[in-house]
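Visitor: First, the structure itself, so that you have it in front of you.
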Amino acid sequence: MFKFNFSEVDLVTLDMPSDSSEPSSPPEDLYDVIETGGDRYRDWFTRMCLYTVGRSFDAAQDAANQVIVVGTEYGNTPALLGLQRAAESQGRRMSSQYFPSATSSSAAAFLSMRIGATGGNYTINAGLLTPIMAFWQALCGLGYPESSGSRLLVGDIYCPESRADAGKETPELACEPGLVHTCLTAGSEFEAGFEFDAPDENDEIGEPPPSRIHLRGPIGATCDRYGRNSAFALADLLRASRRMEIGESVSMECLSFRGPRGKVTITRLSAQGANMGRSGR
Amino acid sequence: MTATVSRVFVTGVGIISPAGAGRQAYWDGLCSAAPHFDELPPLYAGMKPGALGAWVPESAREAAIAATKSKAGARPRMAEVYAAYAATEAIEDACFLAGDPSLSRSVVCVGTSDGQADALEAIYAGDGDGSSRFSSAGIPSSVAQVVGSAGPAFAVQATCASTNAALSCARDALVSGMAETAVVVGCDAYSQKNIIGFSSLQAIGPTGCRPFSRDRRFVTPAEGAGALVLQTERSLRQDQHPYAELVAASISNDASHPTTPDPGGVRRCHRRALEEAGLEASHIDVIYAHGTGSRINDEIEGRIFVDDFPHAAVTAVKGTIGHMMGAAGAAGAVAACLTLRHRLVPATVVDSSEIELDLNLVTGAARPVPNVRYVQNNAFGFGGNNAISIFRRTS
């Protein structure tokens, strides 16, 4: 069990045509927030990570010793492809600045640099269980020595190649670009418990249930309208948690086809503002 | 986090590297201290010819594909193949049989920088086979099948610090009670994107990696995978003989520059790892340095060793097998466990007269360390990523 508090929950979306890596209408204040230096080498995943953290209420606070956890299936794929295109079209004239923006964890790295987070970063991909594992890892980060909190970002900004890749596994799930961000801190307002399970081959009768993500209670009925991008479910989970009365719980369950299943249950333990000291690892 | 476990042990290791397939080939290769480097083909117009790389030998590659044939698709994705091979060797080394009930809920944690880069590059080249996926989640999923686990399986990406970051995640999983066993793999296969990137930085060239030498100049990119089986103390069986106890796996970030390491940030990670292990720097007997052979990395790392670890025997395997990228930490972690088992430190492929700093670098021949207790394994990466693991000899 993990006890924690969390800050505002920000969900950013982009209107991205399915055959393009460019949004049709980027946020108007994008470059006021993320600035333009080095922008030509970034992809939209890095831009939106910098944007959502940059515009958050707590971004101006001291981020030293924060751990950054980015949960994403496709993350910086467009930048990886962009590097190859640049090499092909520009040859030896290609700038050396492409490469640092074209690693699988570039967004986390540039985010650490932007806010001065020295706690380290993890970019995590667990397929459909990505939001569960990223949330769990961010909570583990609260217990690291010197940790001042964990900044959690989960989601994908799809390019055509990543949409096609996701579609090979779950053609029935839509791929809507989006990214959720919050900052977890040590505290006693909420408690989170994790359960992992898997279909037992001996017990299976017929086909296993399809891959999906859903939320359960306490507010409203079970919600399972989510697509492939778990940013939307995680945002709803955290916002529902924020609205709960003491003692109420809400769960998010992620099911992968014939694979592991993960579930996180958040319970409100106390009213907003309750805190406790940091705990060592 | 409510900690339920305090001690985590390494009970099995496996590896495939430019020295060949299997931990014996790897250890023999390290102890022979002969470079396994070849020339890279130019990948784009203007890329300088003659740069060196280090690849898994064809015979080892074929052996790995054959050993994991049932898991590979029509076109094997090599990071997945290497990872599955290393994991298979590690679980056998830990005295587990495939399908062992003890592994059925184990955590699978894969550190990788480039993931399934070859599959993405095939799509870019218009040469995709139509069914293969490039998501890095495919690697832990494949390893989980090999292991026989239906537990949580995930990839951790932190450039060349990825495997030590994965060790940190897996240790968290065991300490928090998520599982009793974890299989940690570090893997990366040949990636055109990587070669292009290093070439654009003029970081690769016609002379091989010469860690800590005065005339060092280039990184030598490599490929492969290493795996470790981690277990809680209460899950150990009588027939298992742990290589080591994993006493620390710490991460930090420089938050400074995308490619140039920051001395303060690298020192911070050393301090965190020692604090997590409850040790002083003087307790560390052997260090597997990150030692890329680049001017800046070796200078920063070397000065820390001279200042804070003057008695530790330092070695750098990248002069022998190259830089396995996201798997570099796995190469170091497996070697650390083998050092604790054999009480021997392989030599770095430089002459003692070449060493730039007053460094206790093992050169010439492998050095016996009969009283070794603690071995440290450094892995750092672009983006300011730092990660250090520390292993303790078991009684």
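Visitor: What are the residues whose amide H is under 5 Å from the amide H of B:Ala222, where those residues sit 5 or more places off or on another chain and H is modelled from the backbone?
Guide: Here B:Ala54, B:His323, B:Met324, B:Met325 satisfy the definition.
Visitor: Which distance in Å, rounded to a whole number, links the C-alpha centroids of region B:11-78 and region A:18-59?
Guide: Centre-to-centre (Cα) distance: 39 Å.
Visitor: Once a ≥ b ≥ c are taken as the square roots of the eigenvalues of the Cα gyration tensor of chain A, is the result rounded (a/c under 1.5), prolate (a/b larger than b/c) or oblate (a/b not larger than b/c)?
Guide: Working: a/c = 1.88, a/b = 1.22, b/c = 1.54.
Oblate, since a/c reaches 1.5 and b/c is not below a/b.
Visitor: Below 12 Å, Cα to Cα, which aspartates and glutamates can B:Lys48 reach? Residues fewer than 8 away in the same chain don't count.
Guide: Cα-Cα hits under 12 Å: B:Glu39.
Visitor: Oh, and also: Would you compute, from DSSP H runs of 4+ residues alone, the mean residue ellipticity of chain A at 222 nm, taking -39500 (n - 2.57) per run and dividing by the full residue count, rounded to the nearest 500?
Guide: Working: 7 runs with 75 residues, N = 281.
Here the helix-only value at 222 nm equals -8000 deg cm²/dmol.
Visitor: Treating region B:8-235 as a set of equal point scatterers at the Cα positions, no solvent, please give the Debye-formula log₁₀ I(q)/I(0) at q = 0.12, 0.13, 0.16 Å⁻¹.
Guide: For region B:8-235, the Cα-only Debye profile gives -0.65, -0.76, -1.11.
Visitor: What list of ³J(HN,Hα) couplings, whole Hz, do you get for region B:137-152 from phi and the Karplus terms 6.51, -1.76, 1.60, once you set θ to phi - 60° and write x for glycine and proline?
Guide: 5, x, 5, x, 4, 5, 4, 4, 5, 4, 6, x, 9, 10, x, x
Visitor: Using Cβ counts within 10 Å as a stand-in for footprinting exposure, how do A:Arg42, A:Arg258, B:Arg234 rank, fewest first?
Guide: Working: A:Arg42 22, A:Arg258 14, B:Arg234 9.
Result, fewest neighbours first: B:Arg234, A:Arg258, A:Arg42.
Visitor: What share of Cα pairs, in percent, lie more than 22 angstrom apart in region B:264-395? The partial results should precede the final answer.
Guide: Values: 2396 of 8646 pairs.
Summing the P(r) tail past 22 Å for region B:264-395 gives 28 percent.
Visitor: Additional query: Which whole-number percentage describes the relative contact order of region B:37-145, with Cα contacts under 8 Å and a sequence gap of 6 or more?
Guide: Reported as a whole number, the value is 23 percent.
Visitor: Among B:Asn297, B:Gln240, B:Leu120, whose Cα sits farthest toward the positive end of the charge dipole of chain B (+1 at Cβ of Lys/Arg, -1 at Cβ of Asp/Glu, about the Cα centre)?
Guide: Result: B:Gln240, furthest along the dipole toward the positive end.
Visitor: For region B:48-162, just the Cα set please: Rg and Dmax, both in angstrom.
Guide: According to the Cα coordinates of region B:48-162, Rg and Dmax are 15.0, 52 Å.
Visitor: In what sequence do B:Leu228, A:Leu14 fall when counting other Cβ within 10 Å, fewest first?
Guide: Working: B:Leu228 35, A:Leu14 21.
Fewest-to-most Cβ neighbours within 10 Å comes out as A:Leu14, B:Leu228.
Visitor: Let me have the relative contact order for chain A, percent, based on Cα pairs under 8 Å that are six or more residues apart. Mind showing how you got there, number by number?
Guide: Values: 599 pairs, mean separation 67.4, N = 281.
This gives 24 percent for chain A.
Visitor: Enumerate the calculated ³J(HN,Hα) couplings along region A:248-255 in order (Karplus 6.51 cos²θ - 1.76 cosθ + 1.60, θ = phi - 60°), each rounded to whole Hz, writing x wherever the residue is Gly or Pro.
Guide: Listing the rounded values in order: 7, 9, 9, 10, 10, 10, 10, 10 Hz.
Visitor: Considering Cα pairs under 8 angstrom that are at least six residues apart, work out the relative contact order of chain B and quote it in whole percent.
Guide: Working: 1072 pairs, mean separation 92.5, N = 395.
Relative CO of chain B lands at 23 percent.
Visitor: What's log10 of I(q)/I(0) for region B:317-384 at q = 0.16, 0.23, 0.28 Å⁻¹, Debye sum over Cα points only, no solvent?
Guide: Rounded to two decimals, the profile gives -0.62, -1.16, -1.31.
Visitor: If you don't mind, another one. Rounded to the nearest 500 deg cm²/dmol, what is the calculated helix-only ellipticity per residue at 222 nm for chain B, with -39500 (n - 2.57) per DSSP H run of length n ≥ 4?
Guide: Working: 11 runs with 125 residues, N = 395.
Helices in chain B give a 222 nm mean residue ellipticity of -9500 deg cm²/dmol.
Visitor: Cβ neighbours within 10 Å, averaged per peptide: list B:152-165, B:109-122 in order, most packed at the top. Let's see the in-between values first.
Guide: On the way: B:152-165: 32.8, B:109-122: 28.1.
Order by mean packing, descending: B:152-165, B:109-122.
Visitor: Using all C-alpha to C-alpha distances in chain B, build P(r) with 10 Å bins and read off the rounded percent in each one.
Guide: Over chain B, the share of Cα pairs per 10 Å bin runs 5, 26, 36, 24, 8, 1 percent.
Visitor: Using each residue's phi in region B:319-330, evaluate 6.51 cos²θ - 1.76 cosθ + 1.60 at θ = phi - 60° and report the 3J(HN,Hα) Karplus result to the nearest Hz, with x for Gly and Pro.
Guide: Coupling constants for region B:319-330: x, 9, 10, x, 9, 7, 6, x, 8, 4, x, 6 Hz.
Visitor: Modelled label-to-label distance, B:Ser59 and A:Gln90, 7 Å Cα→beta-carbon offset: nm?
Guide: Each label point lies 7 Å from its Cα, and together they span 4.4 nm.
Visitor: Looking only at other chains, what is the average number of their beta-carbon atoms within 10 angstrom of each beta-carbon in B:168-181? Numbers along the way, then the final one.
Guide: Details: counts 7, 7, 0, 2, 8, 5, 0, 3, 7, 2, 5, 1, 0, 0.
Averaged over the peptide's residues, the number is 3.
Visitor: What whole-number distance in Å separates the alpha-carbon centres of region B:160-188 and region B:87-102?
Guide: Here the answer is 17 Å between Cα centres.
Visitor: State whether the protein assembly as shown is rounded, prolate or oblate according to the following rule on the C-alpha gyration tensor (a ≥ b ≥ c being the square roots of its eigenvalues): a/c under 1.5 gives rounded; otherwise a/b larger than b/c gives prolate, and the remaining case gives oblate.
Guide: Details: a/c = 1.40, a/b = 1.27, b/c = 1.11.
Cα axes put the protein assembly as shown in the rounded bin.
Visitor: Place a +1 charge on the Cβ of each Lys and Arg in the protein assembly as shown and a -1 charge on the Cβ of each Asp and Glu, then give the dipole magnitude about the Cα centre in debye, rounded to the nearest 20. If you can, show how the numbers build up before the last one.
Guide: Numbers: 56 positive and 74 negative charges, 194 e Å.
It comes to approximately 940 debye.
Visitor: Ok, one more. Give the order of A:Met244, A:Met16 when sorted by the count of other beta carbons within 10 angstrom, beginning with the fewest. List each step's numbers first, then the result.
Guide: On the way: A:Met244 17, A:Met16 23.
So the ranking, lowest neighbour count to highest, is A:Met244, A:Met16.
Visitor: Describe numerically, in nm with one decimal, the distance between label points set 7 Å from Cα along Cα→Cβ at B:Arg234 and at B:Ser282.
Guide: 3.7
Visitor: Which whole-angstrom value gives the distance between the alpha carbon centres of region B:214-283 and region B:308-370?
Guide: Going from one Cα centre to the other spans 14 Å.
Values in this text are rule-based calculations from the coordinates and carry no lab data. It should be emphasised that the depicted structure is a prediction, and the values quoted were computed from it without experimental measurement. As a convention, Cβ positions derive from the backbone with ideal geometry for all residues, glycine included, and neighbour counts pool all protein chains shown.
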